[in-house]
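*Asks:* Starting off with a structure, shown below.
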Amino acid sequence: MAEVDRSRAFAKDVRRIVVKVGTAVVTGKQGRLALARLGAICEQLAALNSDGFEVILVSSGAVGLGRQRLRYRQLINSSFADLQKPQMELDGKVCAAVGQSSLMAYYETMFDKLDVTVAQMLVTDSNFSNKDFKKQLCETVKLMLKMKVIPVFNENDAISTRDAPYKDATGIFWDNDSLAALLSIELKADLLILLNDVEGLYTGPPSDPTSKLIHTYIKEKHKDEITFGDKSKVGRGGMTAKVESCS
Ligand code: GLU
């Protein structure tokens, strides 16, 4: 069994960090942006950036924010008679496109106040089967990091050719946990941090009082001990994807 460093002393040699924030972290009640939480995360990332760490952010939340904005717009443009009819189902790809620009506008505003420059990077899973793409991606990100720019990645859901609700038969990733893991490998990151709305990985659903928090996950030891509960209703990854992306 692999030797496990429970002290996390390895972190002292870390320079390049990929941080992933999921929809449950980015948004709060009714799909609105969780401003205070996200502001605190931006402050911490800005501090790491100015301390000489290279920070790469992977952020979900576009679909949730877009859905919230489009619903609101639908509502204010509806007559009383319209509201009696069943509401039109919103297309996830349109929500992603609408929400992505809002999401970046928030990051831009918050990081700008912290004197940090950000850059939007949208990718799809099919990009990663192209060697030239991967080479260019690494070169561009390297140049950004050299200039202390924080790249903010998301999957380009609006033009991704997978069918809703994002089934993945052939692709390499289908959620941002897997995207973050893939980027960590391609960009040779020293550390991948998947931020979540629970304390960590439990042996069962966190809502079950008999579930125990696992300090350090060791695949050989824990993989048969864990029962995954339902994933959060927002976002696509969930704990299963988080564990798989780290394995
Ligand atoms: N790309 C999606 C978004 O921005 C989220 C994907 C995921 O939840 O992993 O909303």
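The values are calculated or read from the model by the stated rules, or taken from the named source; none is laboratory data. No experiment lies behind these values; they were computed from the predicted model shown. Cβ placement follows ideal geometry from the backbone for every residue including glycine, while neighbour counts extend to all protein chains displayed. Side chains are part of the model used for accessible areas, which takes the heavy atoms of the whole protein and leaves out ligands, DNA and RNA. Shrake-Rupley method; radii C 1.70, N 1.55, O 1.52, S 1.80 Å.
*Asks:* If amide H atoms are built 1.01 Å from N in the plane of the peptide, which residues on other chains or at least 5 residues away come under 5 Å of the amide H of Val58?
*Replies:* Those lying under 5 Å, H to H, from Val58 are Val19, Lys20, Val21, Phe153.
*Asks:* Can you send over the carbon and sulfur percentage of the accessible area for segment 57-113, probe radius 1.4 Å, protein chains only?
*Replies:* Percent of accessible area from carbon and sulfur atoms in segment 57-113: 58.
*Asks:* Determine which residues of segment 97-119 fall in the zone a paramagnetic label at Lys148 would reach in this model, i.e. backbone nitrogen under 19 Å from the point 7 Å along Cα→Cβ.
*Replies:* Counting only backbone N, you get 108-119.
*Asks:* What are the residues whose amide H is under 5 Å from the amide H of Ala119, where those residues sit 5 or more places off or on another chain and H is modelled from the backbone?
*Replies:* Those lying under 5 Å, H to H, from Ala119 are Ile150, Val152.
*Asks:* Name the residues whose placed amide hydrogens come within less than 5 Å of the amide hydrogen of Arg16, ignoring near sequence neighbours (fewer than 5 apart) on the same chain.
*Replies:* Residues meeting the amide H criterion: Glu54, Asp190, Leu191.
*Asks:* Relative contact order, percent, of segment 7-71 when contacts are C-alpha pairs under 8 Å separated by at least 6 residues?
*Replies:* Details: 65 pairs, mean separation 30.4, N = 65.
Relative contact order comes out at 47 percent.
*Asks:* Rank by packing, highest mean first: peptides 75-83, 56-64, with packing defined as the count of other Cβ atoms within 10 Å averaged across residues.
*Replies:* On the way: 75-83: 9.0, 56-64: 26.7.
Put in order of decreasing packing, that is 56-64, 75-83.
*Asks:* Going from the alpha-carbon gyration tensor of segment 1-149, what semi-axes, largest first and in whole Å, does one get by taking the root of 5 times each eigenvalue? Let's see the in-between values first.
*Replies:* On the way: eigenvalues 246, 71, 55 Å².
Each semi-axis is √(5λ); the values are 35, 19, 17 Å.
*Asks:* Now for a different question. Quickly rank 198-211, 115-128, 96-109, 18-31 as a protection proxy: mean count of other C-beta atoms within 10 Å, highest first. Working shown, then result.
*Replies:* Working: 198-211: 13.5, 115-128: 16.9, 96-109: 19.0, 18-31: 21.1.
Answer by packing, highest mean first, reads 18-31, 96-109, 115-128, 198-211.
*Asks:* Applying a 10 Å radius around every beta-carbon, put 212-224, 182-194 in order of their mean neighbour count, most first.
*Replies:* Ranked by mean Cβ neighbours within 10 Å, highest first: 182-194, 212-224.
*Asks:* For segment 185-198, just list the computed ³J(HN,Hα) in residue order, Karplus coefficients 6.51, -1.76 and 1.60, θ = phi - 60°, integers in Hz, with x standing in for Gly and Pro.
*Replies:* Karplus values, whole Hz, x for Gly and Pro: 6, 4, 8, 6, 6, 8, 8, 10, 10, 9, 6, 9, 9, 10.
*Asks:* Still on this structure: With each label point set 7 Å from Cα along the Cα-Cβ vector, what nm distance links Ile193 and Arg32?
*Replies:* 2.7 nm
*Asks:* Moving to a separate point now. Whole-Hz Karplus ³J(HN,Hα) for segment 119-128, in order, using 6.51 cos²θ - 1.76 cosθ + 1.60 and θ = phi - 60°, x for Gly and Pro?
*Replies:* So the J values, rounded to whole Hz, are 9, 7, 10, 10, 9, 10, 4, 5, 4, 6.
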